[in-house]
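Every number in this text was worked out from the coordinates using simple rules, so none of it is lab data. Quantities reported herein were computed from a predicted structural model and do not represent experimental measurements. When we count neighbours, we look across all protein chains shown, and the Cβ atoms used for this are built from the backbone with ideal geometry, even at glycine.
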Amino acid sequence: MSSAPEAKIRVLYAEDDPQVADLVSHYFQHFGSDMTLEVVDCGRRCLQAMAESRYDILMLDLMMPDLDGLQVLGELTSRRDPTPVIMVSGHGQHELAVRALRAGAVDCIDKISPDFRRIPDIVRRVCEQHRRRQPIPAPPPPAAGHRVLFVDPELLERQRTLQFFSRGAPRLHVTAIEELPPAKLTEANLDFDAVVLGPNLPTTPMLDTLRHLRACDELLPVVVLSAFDNVETTIAAFKLGAHDVLMWNPGALHELVFTLNNALKRADTERLNARLSGELASLNESLTQQVAARTRELEQEVIVRRDAERRAEEQAARLQALSNRLLRVQEDERRALAQELHDEIGQLLTGLRFQLEAARAEAPSKPLGDALEITAALLRSVRALTLQLRPRLLDDLGLGPALEWQTKLFQDQTGIAVELELDLPPKRLTPELETTVFRMVQEALTNVARHSGARAAAVTVMSDERALQVEVADRGRGFDASLAMRKHDSLGLPGLAERVRLAGGHFELFSQAGNGTRLHAEFPLVPAESPAP
């Protein structure tokens with residue numbers, strides 16, 4: 001796929017001499033195939049063409065009948081037109097050429113020099129340099145232009161200045177007055193963008209006017225035209241805030257146009273910066289207030305949240321205390337019930353058995369024998385129920401013997417083999433922890449018998465200086481552990497996990513269909529250290 005052809009360089013040439021214009025056109029036809037050249041014969045047509053179309057390069061003759069090249073350059077500067085300008089000068093115009101370069105022209109070519117034949121190459125070079133710079137387009141000036149006040153006591157000078165600006169710099173709207181009294185300055189209502197103090201103002205009134213202008217508006221550009229090369233007056237004018245001091249000569253008005261354009265551009269930028277700075281300060285103040293208000297809101301939210309967290313912690317602590325109390329009450333009730341069954345029901349059944357045996361010895365009969373067997377069965381059931389409710393071994397001998405008795409009883413009742421591994425500390429555990437571990441093993445073995453389908457199980461209770469580890473495992477059918485733990489209405493595994501948590505332990509359940517089940521709990525034996533204050 002071929003790339004699109006590069007656009008030709010568009011060149012506008014303002015030249016009032018037809019012979020020179022034809023010669024330049026000939027050079028472009030033979031040596032500038034990558035360019036297009038348009039020619040206009042006066043300064044006004046040049047400004048009109050620049051306003052109506054866009055060009056890459058402007059070549060500008062210094063001397064033309066209506067507007068000279070410096071006036072055209074000044075008007076383009078006031079428009080903030082970024083088009084590079086190449087000045088074309090004639091014999092004896094070196095001083096004007098230097099002023100043009102100072103005013104912003106990028107190059108200057110003498111018509112009688114050998115370089116004039118290389119004008120297409122010069123245009124090409126200037127265009128390439130301009131493209132490499134990639135200038136940022138300047139913002140367009142206000143549509144109404146700028147208002148300039150010209151102060152000079154001489155009527156002829158005021159008329160000459162007005163005529164020059166109306167022809168050569170129409171975007172600078174000049175108002176000429178004889179003097180600017182201090183009383184008018186104190187009103188601070190000068191509706192002008194810049195002030196020019198003319199060459200015929202005496203030194204003292206000029207400096208007084210400059211002083212009052214600067215007091216009214218520090219950003220107002222003020223340019224002084226001085227008729228005398230007086231260093232002290234120039235220094236005093238600059239100290240009082242003059243933007244520039246120009247020596248009055250025949251070409252001074254051209255320099256004045258460029259000076260005003262630069263001063264107005266800088267003043268516009270300073271005013272814009274001042275406005276933006278004010279808006280930024282206002283925005284920062286608003287943001288500061290918003291941040292402060294939001295900070296206060298967040299502080300209130302933090303206070304409310306902390307209060308809610310504190311209440312939640314208090315509620316959780318009360319709930320845990322109630323749960324622990326409920327477990328203690330349950331164990332106390334079981335202990336009391338077991339004691340009641342052993343002391344009351346067990347003794348009554350034992351006494352009844354003795355009476356039945358005595359009666360059968362005196363008068364043997366089958367009904368007495370049957371009653372004796374039933375009494376013996378009831379006595380065994382009461383003893384078994386008593387042990388299930390609260391084995392005396394747990395209170396009297398501790399966790400190890402109680403687990404040994406529980407696993408043996410489980411094997412005898414279910415036929416499921418249980419491998420018990422114990423490694424307990426020499427000193428007995430707290431009653432609450434022994435009860436929790438015993439109930440965990442008891443509940444876990446009951447689940448093995450009811451749900452696993454396994455023929456064997458393993459119970460491991462191991463301890464070290466740091467923690468007590470309890471684990472019950474089988475190789476049964478397994479189940480969905482997460483689903484079982486979500487059944488909060490169940491008193492089985494969720495209740496077992498809650499009991500472990502209330503005792504300060506950590507509970508884990510591992511199970512998967514076809515891969516058995518493992519219940520694991522860890523209880524710290526060393527109290528957790530309090531965080532450093």
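Numbers for the structure displayed
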{"read-out": "Global form of the stretch 23-63, assessed from the alpha-carbon gyration tensor, a/c cut-off 1.5", "value": "oblate"}
{"read-out": "Label-point separation, ARG131 to HIS520 (7 Å along Cα→Cβ), nm", "value": "7.4"}
{"read-out": "DSSP beta bridges in the chain [antiparallel fraction, %, rounded to 5]", "value": "35"}
{"read-out": "Equivalent ellipsoid semi-axes - Cα gyration tensor, the stretch 154-299, angstrom", "value": "40, 17, 14"}
{"read-out": "The chain - mean residue ellipticity at 222 nm from DSSP helices (-39,500 (n - 2.57) per run, n ≥ 4, rounded to 500)", "value": "-18000 deg cm²/dmol"}
{"read-out": "Of every Cα-Cα pair in the stretch 184-263, the percent that sits beyond 20 Å", "value": "27"}
{"read-out": "Relative pair counts by distance (%), Cα atoms of the stretch 9-133, 5 Å bins", "value": "2, 11, 24, 27, 23, 11, 2, 0"}
{"read-out": "Cα extents of the chain along the three principal axes, largest first (Å)", "value": "164, 71, 38"}
{"read-out": "Computed over the chain: relative contact order in percent, which uses C-alpha pairs under 8 Å that are six or more apart", "value": "7"}
{"read-out": "DSSP loop trypsin sites (Lys or Arg not before Pro) with at most 11 other Cβ within 10 Å excluded, longest remaining stretch of the chain", "value": "55-426"}
{"read-out": "Projected-area mean, the stretch 395-524, by convex hull of Cα positions, square nanometres", "value": "7.6"}
